[in-house]
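Let me begin by presenting the structure, written as structure tokens, before commenting on it.
Bear in mind that the values in this text are calculations on the coordinates, not laboratory data. Owing to the predicted nature of the structure, the values given are computational and were not obtained by experimental measurement. Here the Cβ positions follow ideal geometry from the backbone for every residue, glycine too, while neighbour counts run over all protein chains shown.
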Amino acid sequence: MAIIPVSLMKIKEHVPNIYEAVVVASKRARKINDDNKLEFNTYLSTITVGKEDEFEERENPDQLKLAIDFEKREKAHITAIKELRDEKVKFRYKNEKDR
């Protein structure tokens, strides 16, 4: 996997404070990751597991395919940074005093 640098200046153009932007991106990444886990577990619960021998582990091709599909998805932190850079994520302060 190639490393692709992200220009913080592109993010800084849209937000007043880069450190706050990092916090917002991390919270968004956590939310994306939680949603992915929920979706994965939902799909996993629909896959039937055959009768297994106690001493023998067998691979379930459906589970393997599902796991590979989820591994191929873009990582949550990269998605969050792109959303922040493209101004798809909006954030605000709870109170004006919190600034």
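Over 18 Å between Cα atoms: which of 10/31; 27/82; 10/82; 31/88; 27/75 fall into that group? Could you put the intermediate results ahead of the total?
Working: 10/31 23 Å; 27/82 14 Å; 10/82 10 Å; 31/88 14 Å; 27/75 14 Å.
As for pairs spanning more than 18 Å Cα to Cα, those are 10/31.
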Inset, instruction - Go through 38-44, 75-81, 18-24 and give me the packing order, highest mean Cβ count within 10 Å leading. - result: 75-81, 18-24, 38-44
Legend entry - Range of Cα positions in segment 9-48 per principal axis (Å), largest first: 50, 15, 9
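Multiply the residue separation of residue 72 and residue 44 by 0.36 nm, subtract the distance between their alpha-carbon atoms, and state the gained length in nm to one decimal. Write out the running numbers ahead of the final one.
On the way: separation 28, 0.36 × 28 = 10.08 nm, distance 1.65 nm.
Extending this stretch completely gives an extra 8.4 nm.
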Inset, instruction - Per residue of segment 22-30, in order, report the coupling 6.51 cos²θ - 1.76 cosθ + 1.60 (Karplus, θ = phi - 60°) as ³J(HN,Hα) in whole Hz, putting x for Gly and Pro. - result: 5, 5, 4, 5, 5, 5, 5, 5, 4
